[in-house]
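One structure below.
The values are calculated or read from the model by the stated rules, or taken from the named source; none is laboratory data. No experiment lies behind these values; they were computed from the predicted model shown. Note that each Cβ is placed from the backbone with ideal geometry, even for glycine, and that neighbours are counted across all protein chains shown. Heads up: the accessible areas ignore ligands, DNA and RNA and are worked out on the full protein's heavy atoms, side chains in. Shrake-Rupley method; radii C 1.70, N 1.55, O 1.52, S 1.80 Å.
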Amino acid sequence: MVAVMPEPQQQGRAAAGTANAIEFPSLAWFERLAAMMNDNRARQEKLGYTDCVAGFSVTGTEALTVQVSFDEFEAVDVRVVDASEASRADFTLEADLATWQAMIESIAAGEGRPALDQTLNRLSHMGTPLRLSSDDPLRRDMYFRFNQSLQEFFNASASFETSFPAS
């Protein structure tokens with residue numbers, strides 16, 4: 001189980017960052033989302049269970065791939081992986097930092113609800129700018145099955161401050 005971290009009392013923040021900001025991309029940023037998901041089981045139960053290993057990959061100079069294992073209503077494992085572990089994920093969402101940053105900033109600006117053109121579904125719909133990949137079509141389909149729960153996972157980022165590397 002992912003450790004529960006204290007939640008700051010900040011809402012709708014994504015910017016250059018302060019001392020309390022968690023940098024994206026980082027393991028700590030995804031661990032915060034996982035802890036928040038685990039603290040809000042009732043919300044997850046309304047959305048339905050999520051059973052998959054999802055990869056989230058940032059390309060470019062800040063390249064990082066994090067895999068989050070979801071088991072029913074919890075995030076049970078969060079880890080940084082290298083290319084040799086990529087097939088462990090049922091699917092991976094991949095984009096450059098600018099794409100992820102725009103989505104996270106939109107979520108923050110909307111206080112937990114991104115603009116329609118900044119949702120996971122919209123960004124991945126045509127395969128760009130967010131690319132969905134998997135070695136297996138059935139495992140790839142899990143992304144569409146659990147899409148709303150994954151969106152809510154990211155939407156929780158509105159409740160803490162996110163900082164981004166200077167570009």
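Tell me yes or no: at least one residue of the stretch 109-128 is closer than 21 Å to Ala28 by Cβ, of a type in the set (Ser, Thr, Tyr) and surrounded by 20 or more Cβ atoms within 10 Å (Cβ to Cβ). So far as the stretch 109-128 goes, no, none of its residues is closer than 21 Å to Ala28 by Cβ, of a type in the set (Ser, Thr, Tyr) and surrounded by 20 or more Cβ atoms within 10 Å (Cβ to Cβ). Based on this model, can you work out whether Gly60 counts as open to solvent by less than 20 Å² (accessible area, probe 1.4 Å) and out of contact with any Phe, Trp or Tyr (no Cβ under 6 Å at 6 or more places or on another chain)? Taking the combined requirement at face value, the residue does not satisfy it. Applying a threshold of 8 Å to beta carbon distances and a minimum spacing of six or more residues, or different chains, the list of pairs starting in the stretch 92-105 at a residue that is touching a residue at least 12 places away in the same chain (Cβ under 8 Å) and ending at one that is part of a helix (DSSP H, G or I) and among the hydrophobic types (A, V, I, L, M, F, W, C) reads Thr92/Ala86; Leu93/Leu120; Ala95/Leu123; Thr99/Leu123; Met103/Leu120; Met103/Leu123; Met103/Phe154; Ile104/Phe154.
Here Gln44 passes the criteria (1) open to solvent by 20 Å² or more (accessible area, probe 1.4 Å); (2) of a type outside the set (Lys, Arg); (3) modelled with pLDDT under 95 except the one numbered (1). For Asp82, the conditions (1) closer than 22 Å to Phe164 by Cα; (2) open to solvent by less than 30 Å² (accessible area, probe 1.4 Å); (3) without any contact (Cβ under 8 Å) to a residue 24 or more places away in the chain; (4) not aliphatic (A, V, I, L, M) are fulfilled apart from (2). Scanning the stretch 129-167 for residues that are open to solvent by 90 Å² or more (accessible area, probe 1.4 Å), part of a helix (DSSP H, G or I) and hydroxyl-bearing (Ser, Thr, Tyr) gives no hits. Within the stretch 103-155, the set of residues being touching an Asp or Glu at 6+ places or on another chain (Cβ under 9 Å) and either polar (S, T, N, Q) or more than 27 Å from Glu72 (Cβ to Cβ) (or both) comprises Ser106, Ala108, Gln118, Pro129, Arg131, Ser133, Ser134.
Residues considered: Phe160, Phe153. Of these, the only one that is under 23 Å from Ile22 (Cα atoms) and touching a Lys or Arg at 6+ places or on another chain (Cβ under 7 Å) is Phe160.
Please verify whether Phe70 is out of contact with any strand residue (DSSP E or B) (no Cβ under 6 Å at 6 or more places or on another chain) and among the aromatic types (Phe, Trp, Tyr), treating the condition exactly as stated. For Phe70, the condition - out of contact with any strand residue (DSSP E or B) (no Cβ under 6 Å at 6 or more places or on another chain) and among the aromatic types (Phe, Trp, Tyr) - is not met. One residue is enough: does the stretch 138-150 have a residue meeting the conditions under 12 Å from Leu33 (Cα atoms) and among the hydrophobic types (A, V, I, L, M, F, W, C)? Yes, there is a match, as at least one residue in the stretch 138-150 is under 12 Å from Leu33 (Cα atoms) and among the hydrophobic types (A, V, I, L, M, F, W, C).
Listed conditions (1) modelled with pLDDT under 95; (2) touching a Phe, Trp or Tyr at 6+ places or on another chain (Cβ under 7 Å) are all met by Ile107, apart from (1).
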